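For reference, the structure discussed in these notes is given below.
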Amino acid sequence: MVTYSLIQKSQLEGAHRMDAEYYQPLYLEIVNNLNRIKAIPIYDIATNPKRKFQPVEGEIFNYIEISEVDLSTGEYNKYKILGEDAPDRAQWIVKQNDIIISTVRPIRNAVSLINEDSNNLVASSGFAVLRTKEIEPEYLFVYLKTKPIVLLLDRLTTATMYPAVTTDDILNTKIYLSSDNFRKDIKAKVIESQKELAKSRILYSQAESLLLEELGLKDFKPKDELSYVVNLSEAKSFHRIDAEYFQTKYDKLISKIKSQNSKILGKIVTMKKGIEPGSEEYQDEGKLFIRVSSITKNGIIDKDQKYLSNELYDELKNNFEPKVGEILLTKDATPCIAYVIKEPIEGIIPSGILRLE
C-alpha cells in the first residue's frame, strides 16, 4: 500500500527539510493534533541547565550511560568512577527531578527521571538534560515517553548511521499541558509505579535467592582452572573440541543440579521456534515482530521495534504467536533470557526465540 502527502511549498518548514520522509501522513497528523489542542513548545515549561562536569582527581562520581537506561520503565543504572578515569562522554551534572533524554536514536526512547538527591551524579553527553519550570517533572517524563512524541523526535533526526536530534529540537517540540489536576494525577501514578517497581525487584530477588538456596547454588562461585584433562571419547560424544566447553566449573554446576532430582528441560516442556520473515517485511507500524533484543526478564520492551503487516501477521499467528502462560526463551545473541507471557500479545516471534509450554 502506497501512502503519500501533498505539501504546499509554503509548508516546507522554511525549506530546512525537503526529504519526503519528513512529511509522512502520520507525522503531519500528530503535528496537526498538537496544534489543534494549542500545545506549546517545551522550552516554555523547561530549560536545559547545562551544568558542565569537571572531573577531579581522586573524587568518585556516579555515571549514567545511555545503555544503562531501561527503555520500558525509564529506570537507570549507575556505576562509580574515579575522577581521573572519567570517560570523555561524562559531561552533564544532573540533579533530582531532572529529565534526561537520549539525543542519539530517539526512537529507542531512552528517557529517565532522576529520582535521587545526589551531588555527584553525571550523565553522558549523549543525553539532553531538561529542568521543568512550574509544572511537574513527572508529567514531562511521561509525555516524552509517549509514542507520538517519540515519533516526532525520530522525524527530526539527521544522519543515517547514528540518527540524532539536538537539545533545541527537543525544546522546540510541542507539549500539551492539560489541567493542573490532570498533571497531578499523572505525577501520583508515576510515583506509585516507581514504588511498585522497587517492590517488584525486592520480590524477584527474594524468589531468585530462594531458588538458588534450594538448588545449593546460592554461594556457588567456582574457580577457573588453568588446565584440565578431557578424554577423546568425551569430545566425540559431545561433538565439541573447544577447550572452553569442557571447563570443570560446568561439570560442578551440572553435578549440583543433578543432585536435586533434576530432569531434562525437553522432558517437561514443549518447545516451538519462531520464524524469520525477512527484513524486507519490516514496517514502521502494524503488528509486533518481537525480536531477541526486545526480551527482558521484566517484559517485552520497545527496543528498535519492528512491525509486520496485518496480512502477514494473520498468515503466521497460528504457529508463531506466543500465548498466555508460555515462556519466551532467547537462544541467539544473548541466550537464556526468559519471560512468562502474562497477557495476550498480538505479535510474532523470530527464530532466535523459543516458546516453552
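The values are calculated or read from the model by the stated rules, or taken from the named source; none is laboratory data. The structure displayed is predicted, hence computed values, not measured ones. Cβ: placed from backbone, ideal geometry, glycine included. Neighbour counts: every protein chain shown. Protein only, heavy atoms only, side chains kept; ligands, DNA and RNA dropped before computing areas. Shrake-Rupley method; radii C 1.70, N 1.55, O 1.52, S 1.80 Å.
Do you know which residues across region 271-284 are surrounded by fewer than 10 Cβ atoms within 10 Å (Cβ to Cβ) and either among the polar types (S, T, N, Q) or not in a helix (DSSP H, G or I) (or both)? Even if it seems obvious, please write down each step before you answer.
Taking region 271-284 as the starting set, the residues that turn out to be surrounded by fewer than 10 Cβ atoms within 10 Å (Cβ to Cβ) are 278-280.
Within region 271-284, GLY278, SER279 meet the criteria.
Between a residue in region 147-172 that is closer than 18 Å to ILE66 by Cβ and any residue that is open to solvent by less than 30 Å² (accessible area, probe 1.4 Å) and in a helix (DSSP H, G or I), which pairs come within a Cβ distance under 6 Å, given they are 6 or more apart or on different chains?
LEU153/PRO106; ASP154/PRO106; VAL165/PRO106; VAL165/LEU153
For region 89-118, what are the residues that are open to solvent by 50 Å² or more (accessible area, probe 1.4 Å) and either free of Cβ contacts under 8 Å to residues at least 12 places away in the same chain or of a type in the set (A, V, I, L, M) (or both)?
The answer is ILE107, and nothing else.
Does LYS249 satisfy the condition of being at pLDDT 90 or above, open to solvent by 90 Å² or more (accessible area, probe 1.4 Å), of a type in the set (Lys, Arg) and more than 30 Å from MET161 (Cβ to Cβ)?
no
If I ask for residues that are in contact with a Leu (Cβ under 8 Å, 6 or more places away or on another chain) and either of a type in the set (Gly, Ala, Ser) or buried (at least 17 other Cβ atoms within 10 Å of the Cβ) (or both), which ones from region 49-61 would you list?
Once the filter is applied, which keeps residues that are in contact with a Leu (Cβ under 8 Å, 6 or more places away or on another chain) and either of a type in the set (Gly, Ala, Ser) or buried (at least 17 other Cβ atoms within 10 Å of the Cβ) (or both), region 49-61 yields GLY58, PHE61.
Which one is farthest from SER279 (Cα to Cα), of the residues in region 303-334 that are open to solvent by 80 Å² or more (accessible area, probe 1.4 Å) and touching a helix residue (DSSP H, G or I) at 6+ places or on another chain (Cβ under 9 Å)?
Across region 303-334, the extreme among qualifying residues is LYS331.
Would you mind finding the one in GLU244, GLU208, GLU225, GLU213 that is in a helix (DSSP H, G or I), exposed (fewer than 10 other Cβ atoms within 10 Å of the Cβ) and acidic (Asp, Glu)?
GLU244
Condition check ((1) of a type in the set (Lys, Arg); (2) at pLDDT 95 or above; (3) open to solvent by less than 50 Å² (accessible area, probe 1.4 Å)) across all residues:
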| residue | (1), (2), (3) |
| --- | --- |
| VAL122 | no, yes, yes |
| SER125 | no, yes, yes |
| LEU151 | no, no, yes |
| THR158 | no, no, no |
| LYS187 | yes, yes, no |
